[in-house]
Structures are given as structure tokens and as C-alpha cells.
Amino acid sequence: MKAVHFGAGNIGRGFIGALLDQSGYETVFVDVNEALIQLLNERKQYQVKLAGDDSTIEVKNVSGLNSMKQAQEVVEAIAHADLVTTAVGPNILPVIAKLLSEGLEKRMTNQAGPINVIACENMIGGSESLKQHVHENMDESLHDQLEDSIGFPNAAVDRIVPDQHNEDPLTVKVEPYYEWVVETPAIKGKQPEVEGITYVEDLTPYIERKLFTVNTGHAATAYLGSYYGHSTIKDAMDDYRVKEKVEGALRETGAVLIEKYRFGKEQHRAYIDQIINRFLNPDLSDEVTRVGRAPIRKLGPKDRLVRPAVEYLERVKEDPQHLVEVIAAALSYKNEADPEAGQLLDKVSGQGPTAAFKDISGLSDDSRLVQLVEKKYKEMN
């Protein structure tokens, strides 16, 4: 079996590429980094180290193509592949769509059969978004054929790849834990045989579970950690005050998820414990400033802090004490190196914390959450 994977970065090699190799695929990495492409072609293998563990995974049967210099070779590779995956970042999906559309067009011309394209990005509806970009780059007369033979199943991915500087440019360190969930209705032809993928009919519960647990927990650790003067996620989680509050926030988001999607209580409790242990792994520790960056976005109405707090009020009919404290800590967040944190500070200073929060969250004056955050912010400052 052959796979074409766009993105030879740490997530591409350490997460998706490793699983493709373990599943018996010969993987062609497509990237613009000439140095990485050359090394992949010279060695045909690389190492993946597991953080907090002494074990190493040997990834073999790999090669590389430079999408800038070897466009035609990429088109040919797609035309003869059994699976296409990406890990390039949401903003790069439109960039790779032209080359991908050319490869898929050639594949359809050759009548090579159905294939699936899975965007493994940190975004909701990544594959669907990529499909739209492919549509825009392909002649309209081919759209029906694309719809019939090319699947773009959405996916949710989760694996921490810490900032790192390795002596060997191909070696990458990742956490042992991972999750790769793929939605089945959009799959065309045979379901891709990839060890490690969990196939589900509806991806929404798993996307929200990650957003309300991993992302909420990480943000909570960063903002509370910053409030208590810590510089790393590990240092913050070693502070019992932070750890207890983060666990409390995840109990509140968990109550929402359990009520909304009927996750088993014990199953979800185990999931929370697993996430907390990931934050405690010293080999995965990140800077509080990196995890806490873009606080305005993270305080948005549909993001990881405000949305679960609002849903907790609606579904549980109680005040979300811990999420409120996290939101107040986020409003207090200061980081001169982060432009968005600077914008938040200006908003809070100029409008006052309550008006700034209402503006960012889109909540009204009579919102119970606004009242709770206003009170907690005053207590903390």
C-alpha cells in the first residue's frame, strides 16, 4: 500500500507517518523543506522517540518529494496512491489544494478507483474544507466524478509534540498517547486500513470532548499558572492550587459532555485523568506563554472557556465555579510578547474587565456568566 502525506514536519513524521508505517504503508512525504526531503530520500527511515519513555519507534519505507520542485512527481504519486493525508496546518490547506486537485484529476482520468483524503489538522471540518479548496481548483465538469470517487472524511487528531531541538533533523519526540478519529459517512470505497484510527459515524462528540477537555485543560493550566507566577505547564501543575482548579474545570466540562453526548461517567473520568497525566509529563512541558497565547480567541463565544461555561449553566443548572475562575484568570493574563495578550490588556484597561469580557464573548448584560466573572475578577485583582 502507498500513502502520500503532505507535511514532513514533527506532527507529520512523529504522528501520522509513524502510524502509516506501522500499518504497512510506503509513505511519500510532500513538503517544501528541501533539507528534510533530501534526508528522507537518503535514509528512507527515521526515529520517533516517546516522551517520558525510553522506547523508540523505527519508521521505515519513507521517501520525500519537494512540492515546489517536483510538482509532476507529486501528481503521479497521488494518482497511484491508496491514501492521502495531511498535517500542514489549517492555513496551508488552500496552498496544497492545487497540486492535490491535479493529482486527483489524473487519478480520475486513469480510472484508478476511489481514494480517501484525510486532513489531520487542528481544526473542525478539515477534510471538508480541503475538499472545498480542491473544488475551487478543479474544472466544474469534474465535480460529480470527484463526488463519486474521492472521499474527504473529517478527522479529529490529538497528540502533543513538544518544542524540540534534536541533533538529528529527522528524529522527532512525541507523547505516547494519541487519538485519531475519522468520520465514516464520507469515506469512498474501502475503509483505509490504518492501525490507530478509530472510525465513528459522528465526529462531533469527539471533537467537543477534545476541545472541552484537552484544550480547556491546557488553557486553564496556562492562565492559572500565569496568575500564580509559573513559567511552564509542568510547574503550574505541580502547584496543588492550580491542579485542583484545573481538575475542577474539567469536571464541569465533563458534566456538559456526559449530559450532551451520553459518555459513560467512569469512562470520561478516566479520560480526564489521562489528560491530567499528560500535562504532568516533564518531557512534554511547554511554556505557559506559548499555551496561553491568543487569549481573545480562546475567550470567544464558541471556544474552550466560554462555550462550556454557558452550556454548564444551561444543562446542569448550576454556577460553574472553576470555569469562571479560569475565565477571570484569562482576563488577567499578561504577556508582552503576545500581540493578542496586549490587545486584551488594552481592552480590559480601557473598557473595564466586564465590558471587555462582554465584547469578546458576545454575552449580554443580564448573562449569569458575565455576573459571575465580574465578581470573580474583582476577587482575584
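The values are calculated or read from the model by the stated rules, or taken from the named source; none is laboratory data. Source: prediction; values computed, not measured. Every residue, glycine as well, gets a Cβ built from its backbone with ideal geometry; the counts of neighbours run over all protein chains shown. We work out accessible area using only protein heavy atoms, side chains counted, and drop any ligands, DNA or RNA first. Shrake-Rupley method; radii C 1.70, N 1.55, O 1.52, S 1.80 Å.
Rank these by accessible area, largest first, 1.4 Å probe: Met68, Met123, Met1, Met237.
Working: Met68 150, Met123 55, Met1 100, Met237 5 Å².
Ranking Met68, Met123, Met1, Met237 by accessible area, largest first, yields Met68, Met1, Met123, Met237.
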| query | Of the residues Thr213, Thr86, Thr204, which exhibits the maximal mean-square fluctuation in a Gaussian network model of the chain defined by a 10 Å Cα contact cut-off? | reply | Thr204
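For the range 47-167, what does the equivalent ellipsoid look like in terms of its semi-axes, each the square root of 5 times an eigenvalue of the Cα gyration tensor, given largest first in whole Å?
29, 17, 13
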| In what sequence, highest mean first, do 362-374, 263-275 appear when ranked by Cβ atoms within 10 angstrom? | 362-374, 263-275
| remark: The distance between the Cα centres of the range 209-250 and the range 316-333, in whole Å, is 12
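According to the Kirkwood expression over distinct Cα-Cα pairs, how big is the hydrodynamic radius of the range 65-128, in Å?
12.2
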| query | How would you order 27-39, 345-357 from highest to lowest mean count of nearby Cβ atoms within 10 Å? | reply | 27-39, 345-357
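Which value, in nm² and rounded to one decimal, describes the direction-averaged projected area of the C-alpha convex hull of the range 232-298?
5.2
Ignoring ligands, DNA and RNA, what percent of the 1.4 Å accessible area of the chain is carbon and sulfur? Let's see the in-between values first.
Numbers: 7690 of 16960 Å².
The nonpolar share, carbon plus sulfur, comes to 45 percent.
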| Of Lys98/Lys190; Lys298/Lys375; Lys265/Lys347; Lys2/Lys260; Lys188/Lys298; Lys131/Lys317, those spanning more than 32 Å from alpha-carbon to alpha-carbon | Lys265/Lys347; Lys2/Lys260; Lys188/Lys298; Lys131/Lys317
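Note the per residue figure in Å³ for the convex hull of the C-alpha positions in the range 295-381. It would help to have the intermediate numbers written out before the result.
On the way: hull volume 7.1 nm³, N = 87.
Value for the range 295-381: 82 Å³ per residue.
Semi-axes of the equivalent ellipsoid of the range 121-215: what are they in whole Å, largest first, if each equals the square root of 5 times a C-alpha gyration tensor eigenvalue?
Its equivalent ellipsoid spans semi-axes of 29, 18, 14 Å.
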| request: Could you do me a favour and compute the accessible area per residue for the chain, 1.4 Å probe, result in Å²? | output: 45
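Efficiency by 1/(1 + (r/R0)^6): what FRET value for Glu136 and Tyr199, r their Cβ-Cβ distance, R0 = 25 Å, to the nearest 0.05?
Details: r = 28 Å, r/R0 = 1.14.
Efficiency for this residue pair is about 0.30.
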| query | What are the principal axis extents of the Cα atoms in the chain, in Å, biggest first? | reply | 66, 47, 43
| remark: Quick numbers on the range 182-328, Rg and Dmax over C-alpha atoms in Å, give 16.3, 54
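I'd like the antiparallel share, as a percent to the nearest 5, of DSSP beta bridges with both residues in the range 11-65. Walk me through the intermediate numbers first.
Details: 5 of 9 bridges.
The answer is about 55 percent antiparallel.
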